[in-house]
């Protein structure tokens, strides 16, 4: 078959297949054009998930007649002042979006420039361009895209339902709205109620306000500021506390020079920064904005411009990890504010399930009349005649009701000292079930999981002592631990790593290990359980895992075995000392497994629970 030149129409359709994957791709290109045109307000409306209609209107600077004629031609752009493809300071530059859209849909562009006496319009249907003609428009540009993929009907088969496509459009607009808090956005369509994100002030305050509008007020209340810079690369943004997480990684928003991206390098850096805080099945919530010289990043990697390539990828990754760790260490003594609300919600659910508060009618002494009396707050369907304490039952039956001493133990009989109440975690008042500490603050109460809290304290102490060497205690009689031969081999292969944390082991024949020394700060510990857990973790290690991550895994496992166990009674002084140490220790808001160490209930929450508010 001879070589032949493709027609212009086929070339446009090939380009359209790269740029326009679905209606959301069209919205992304058009909104980026609006932002590059200096718009302060952008309206997006869709019909049929964008399949039937996409309309994007803005109040930008508009286009002149000559600009409008070139805008729908291939490889024509106003966003690349020179021919340097690395000097890109706008969101778009390829010059393929509008002609590609016009080749597969019915495209109409209406625009008005300040230097033009009236608005102008051009139409492109299936690649056929019309003449420019006068139109009516006040300011800016309006782009209508109708009957998407009508010229390539095979592509319609790959689209999802209208609702799914509309949600993809919404996600695109959300991401662009995050990147430009100074611009107001309106999103409307038959698939959704109109939503408007008003413009906010620039800077960190404006960014947080916009993120709160999009991600929710809970994120705004549980976010920490992220700001760092090194060697021409700066990072700003907000990251949620480790106790405020999601089941998937879709709530991680990344921007490079204002461009929304989904880059594997950046996502890997985020996982590395949160590795010390989150369990494996949870994902952080954050929005990071990375700014660097355009010559140090290649945005021409993918036609959709969602992937980038950094000149110094290692430096960017290290900066992300460092900035996130510093931010979390600075503010992660806090636990998520949603913990109290979740606790109250759980209590209310229990009350609704177990108790009835409706009203019942009881006859009065008067004939034919009734009076409304509140039902007893007992369990629904409860019959007093079945109670062991009902009249006629023996004392032996009543004795079966005895469940032992109360599980709650009062820590302080008198009123707590005012200076203790003024602390963030308050003053210890009681210990419940020998596991949970109840503390009183100035405006509420705090429930602390003593094991989880002490586990984090021990872990942070071990990390701090790692550089100068962890003190060891020599066992008078070495403890022999029997394990599988495979586990023994894994442990013996990591003797140097374990010795850095004060755990000295040696071979004791087939299937056995002798424990010679243990870390002093762990006190007495169960060497058998510790070594078995360590062996399980070692089996999951990848040879590519960095040494630092391996050390942190060892420290977390050892801290779990060396912390105060649930079921241990604590004195009031011990409980208060634990609270004060939590206030002074970074990351004490969550344990090594990512669970919260305490839950705070404000008086307002408690009052709502009991119907006082």
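The values are calculated or read from the model by the stated rules, or taken from the named source; none is laboratory data. It should be emphasised that the depicted structure is a prediction, and the values quoted were computed from it without experimental measurement. As a convention, Cβ positions derive from the backbone with ideal geometry for all residues, glycine included, and neighbour counts pool all protein chains shown.
What the table shows:
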quantity	calculated
Test: residue in segment 464-478 that is touching a helix residue (DSSP H, G or I) at 6+ places or on another chain (Cβ under 6 Å), in the same structural domain as residue 568 (by TED's automatic domain parsing) and within 21 Å of residue 538 (Cα to Cα)	no
Answer from 222, 248 - the residue that is under 15 Å from the mean Cα position of the chain (by Cα), surrounded by fewer than 20 Cβ atoms within 10 Å (Cβ to Cβ), in contact (Cβ under 8 Å) with a residue 24 or more places away in the chain and in the same structural domain as residue 274 (by TED's automatic domain parsing)	248
Filtered residue count, segment 36-72, keeping only those that are more than 22 Å from residue 299 (Cβ to Cβ) and assigned to a loop (DSSP other than H, G, I, E, B)	9
Residue that is in contact (Cβ under 8 Å) with a residue 24 or more places away in the chain, outside any strand (DSSP E or B) and assigned by TED's automatic domain parsing to the domain that holds residue 586, where the choices are 490, 516	490
Test: residue 529 is under 30 Å from residue 588 (Cβ atoms), surrounded by fewer than 16 Cβ atoms within 10 Å (Cβ to Cβ) and outside the structural domain of residue 278 (by TED's automatic domain parsing)	yes
Qualifying residue in segment 148-166 (condition: more than 23 Å from the chain's Cα centre (by Cα), in a loop (DSSP other than H, G, I, E, B) and under 22 Å from residue 261 (Cβ atoms))	no
Flag for residue 227 being modelled with pLDDT of 90 or more and closer than 24 Å to residue 90 by Cβ	no
Restricting segment 235-245 to residues that are crowded, with 22+ Cβ neighbours inside 10 Å and over 10 Å from the mean Cα position of the chain (by Cα), the residue that is farthest from residue 220 (Cα to Cα)	237
Residue tally, condition modelled with pLDDT of 85 or more, touching a helix residue (DSSP H, G or I) at 6+ places or on another chain (Cβ under 9 Å), in a helix (DSSP H, G or I) and farther than 18 Å from residue 432 by Cβ, over segment 581-613	1
Residue count for segment 177-219, restricted to those that are over 25 Å from residue 292 (Cβ atoms), more than 22 Å from the chain's Cα centre (by Cα) and touching a residue at least 12 places away in the same chain (Cβ under 8 Å)	12
